[in-house]
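Just below is one structure, and these are the notes that go with it.
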Amino acid sequence: MSHTRTVAVLVGSLRQDSASRKIAKAFADQAPDSLEFRFVEIGDLPHYDPDLETDTPPESWTRFRQEVASADAVLFVTPEYNRSVPGFLKNAIDVGSRPWGKAVWTDKPTLIVSTSAGALGGFGANHQLRQMVSFFNMPILGQPEVYIGNSLSLFDEAGTLVSETTAEFLRTVSEAFAGFVERNAPAVRREAA
Ligand code: FNR
């Protein structure tokens, strides 16, 4: 019997009109009911500095770690910046990786969605992110791969997804991801430190 799985959503763009955030929302809106999506703020995390890793780390670090730790799975939706991920997304991954031995990412199934205003769909960012999360033993949905190109042309002025091809593709991916999460979610959710 399947039950609801929670998915922490990390968006790699801070800008208000971000196509990546719209894609993340469109994905969550039409995904199977077995998945519950929780958007996790990452723009407010101070740069990772081991000297701040005291008994009282920055509040936003603690909040962030708890939100990811309490989820069953992780969805990344990120644009490509200079053939990699935006720096603040890398910082979020670093913050979630410490204290040593208590990484909040460990074993959580993940889907990596890369986006680009250009035609290539953020392939470089997508694969750099795969390299990072594989370090945490995170199972990554292998198929379908998700590279969303021409991202700015997919929405109307109200922010509604107008590309029926993309909508259909996101439906297919979300169904695959729901099954993948069900097969790979750790039995017990971990508590953050
Ligand atoms: C970009 N952009 C970009 N696009 C791409 O396909 N490959 C790249 O390497 C880069 N590099 C890059 C660096 C920086 C600093 C910026 C600001 C932008 C363009 C990018 O695809 C475009 O700005 C997207 O619209 C960003 O996604 P959001 O903010 O709409 O989600």
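For (1) of a type in the set (S, T, N, Q); (2) touching a residue at least 24 places away in the same chain (Cβ under 8 Å); (3) in contact with a Gly (Cβ under 9 Å, 6 or more places away or on another chain); (4) more than 16 Å from the ligand (Cβ to nearest atom), each residue gets a yes or a no:
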site: Thr4; (1), (2), (3), (4): yes, yes, no, yes
site: Leu10; (1), (2), (3), (4): no, yes, no, no
site: Lys22; (1), (2), (3), (4): no, yes, yes, no
site: Gln30; (1), (2), (3), (4): yes, yes, no, yes
site: Asp44; (1), (2), (3), (4): no, no, no, yes
site: Pro57; (1), (2), (3), (4): no, no, no, yes
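Going through the range 64-92 one residue at a time, which ones are surrounded by 21 or more Cβ atoms within 10 Å (Cβ to Cβ) and within 15 Å of Glu53 (Cα to Cα)? Scanning the range 64-92 gives Phe64, Arg65, Ala92.
Any read-out appearing in this document is the output of simple, stated calculations on the displayed coordinates, not a laboratory observation. The structure displayed is predicted, hence computed values, not measured ones. Neighbour counts are summed over all protein chains in view; Cβ atoms, including those assigned to glycine, are modelled from backbone coordinates with ideal geometry.
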